[in-house]
Each structure stands twice: as C-alpha cells, then as structure tokens.
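Nothing in this text is a laboratory measurement; each read-out follows from the coordinates by a stated rule. All of these numbers come straight from a predicted model, not from anything done at the bench. Methodologically, a virtual Cβ is constructed for each residue, glycine included, from the backbone with ideal geometry; neighbour enumeration extends over all protein chains shown.
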Amino acid sequence: MPDSGPPPASFSIRAATAADAPVLGVLHAAAFTPRHERPWPADELKALLALPGVHALLAEGDEPLGMILIQAVAGEAEILTVAVRPDRRRQGVGRRLLDAALSAAAKANATAMILEVARDNTAALGLYHRYGFALRGQRPRYYNRTDGTTADALILGRSVARDVASVPAR
C-alpha cells in the first residue's frame, strides 16, 4: 500500500494523559474505521488511562501521527491498541511507538509482552514478527466487524528481557 503523504520530517513520542483522550480517539477512529472495526471513543480511552499500569504514548510531528496503549501489571505488559494515521503508515511511526512501548514495559519491570491482532492485518503481523513476537494462541471469530463479518484474533508474545535495543534495523 503506497503512502499518501510525505514522511514526517521529524516527530517525537511523549507520554499521553487523560487530557489527550480526544486526540487519541481521533487517531483510533482514523486507523480502525476503514477496516470496519468499532473505534474506541475518547471517553473509553480516558477510562482506560485511569486503570492501574496503563500507559499511552503519542507520536507527534506538526500534528498527531499515532498512538499506542499498553498495560503493565504483575510482570507482564499487554499492548491494548496501536493506531497510526493511514496516511502516515510505513513511515516509521509504528516502529518508534513499538520501541517506546517495549522501553516502557521494561521500566515497569515486565518480563513479557503480549498483544492480539486480527489474522487479516498483514501489515501489523509483519511488524510484530520482525520484533520477535511469536504465536501464543488464537481466538476464532473474535473481532466483530461492523459489516457483520468476523476475524480471528492471533495472540502474540515475546520476552521483554531481550535487550530492548536489539530491535530490527530501520
């Protein structure tokens, strides 16, 4: 899939707070609506941010580019969601968010990270496999799409104990 915009010249990643929930909601809607999945609205994201161990990271350049939410509890971190604006995909935003999430998990003393991803999300699967995530299980027909179809969820995991700096070359 070609990118529809130029790569961001530079962008940074910062911790997001409950005050950023409206921006996070817009990013989530932009990333998930084209796949006919129900996006998480700002009020749901704000409620998630109030849970123990939940961290949100926001990628920003001249405008918001993407976000990732993780929860680190009892030695395990879970990626709750990742959203990158469709016109900014394949430009390093997702990789940098994943790098930052792994670092945050390590700082929270997590030794493992898990996530779930739709079986048909080949771009995300490619990224996760490059980062050493491996299949741990699956949930048949887990995702209910707004068009009435379903998609299986694959549960992937990896160790956080690996040197976080040993992520794939850019």
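Over the alpha-carbon set of the range 80-121, divide Rg by the Kirkwood Rh and report the Rg/Rh ratio to two decimals. Walk me through the intermediate numbers first.
Details: Rg = 11.9 Å, Rh = 11.8 Å.
Here Rg/Rh amounts to 1.01.
Fully extended, how many nm does the chain gain between Lys107 and Ala134 (0.36 nm per residue separation, minus their Cα-Cα distance)? Don't skip to the end; give the middle numbers.
Numbers: separation 27, 0.36 × 27 = 9.72 nm, distance 2.22 nm.
Full-extension gain reported as 7.5 nm.
Suppose each label sits 7 Å from its Cα in the direction of the beta carbon; what would the Asn144-Asp62 distance come out to in nanometres?
4.2 nm
Quick check: residue separation of Ile114 and Val73 times 0.36 nm, minus the Cα distance between them. What number comes out in nm? Show your work: numbers first, answer last.
Working: separation 41, 0.36 × 41 = 14.76 nm, distance 1.18 nm.
Result for the pair: 13.6 nm of gain on full extension.
Can you list residues from other chains, or at least 5 along the same chain, whose modelled amide H is less than 5 Å from the amide H of Val160?
Hits under the 5 Å cutoff: Ala112, Met113.
Residues in the range 85-128 near a label at Ile155, defined as backbone nitrogen under 17 Å from the 7 Å Cα→Cβ point?
What the label zone holds, given the 17 Å backbone N cut-off, is 111-119.
Helix-derived [θ] at 222 nm for the chain: sum -39500 (n - 2.57) over DSSP H runs of at least 4, divide by residue count, nearest 500? Intermediate results must be reported in sequence, preceding the final value.
Values: 4 runs with 44 residues, N = 170.
Only helices count here, giving -8000 deg cm²/dmol.
Quick check: convex hull of the Cα atoms in the range 12-116, volume per residue, rounded to a whole Å³?
Details: hull volume 9.8 nm³, N = 105.
Looking at the range 12-116, the number lands at 93 Å³ per residue.
With the Cα gyration tensor of the range 67-142 in hand, give its eigenvalues times 5 under a square root as the equivalent ellipsoid semi-axes, listed largest first in whole angstrom.
Working: eigenvalues 76, 57, 22 Å².
Over the Cα atoms of the range 67-142, the ellipsoid semi-axes are 20, 17, 11 Å.
Where both partners of a DSSP beta bridge lie in the chain, what percent of those bridges are antiparallel, to the nearest 5? It would help to have the intermediate numbers written out before the result.
On the way: 34 of 37 bridges.
Antiparallel: roughly 90 percent of the beta bridges in the chain.
If I take the Cα coordinates of the range 123-162 and project them onto the principal axes, what are the three extents in Å, biggest first?
Dimensions of the range 123-162 along the principal axes of its Cα atoms: 40, 19, 11 Å.
Report, as a whole number in µm² per second, the diffusion coefficient that Stokes-Einstein gives for the range 40-170 at 20 °C and 1.002 mPa s using the Kirkwood radius over alpha carbon pairs.
Details: Rh = 15.4 Å.
D, rounded to a whole number, is 139 µm²/s.
What length, rounded to one decimal in nm, is gained on full extension from Phe32 through to Thr122, with 0.36 nm per residue of separation minus their alpha-carbon distance?
Details: separation 90, 0.36 × 90 = 32.40 nm, distance 1.42 nm.
Using 0.36 nm per residue and subtracting the Cα-Cα distance, I get 31.0 nm.
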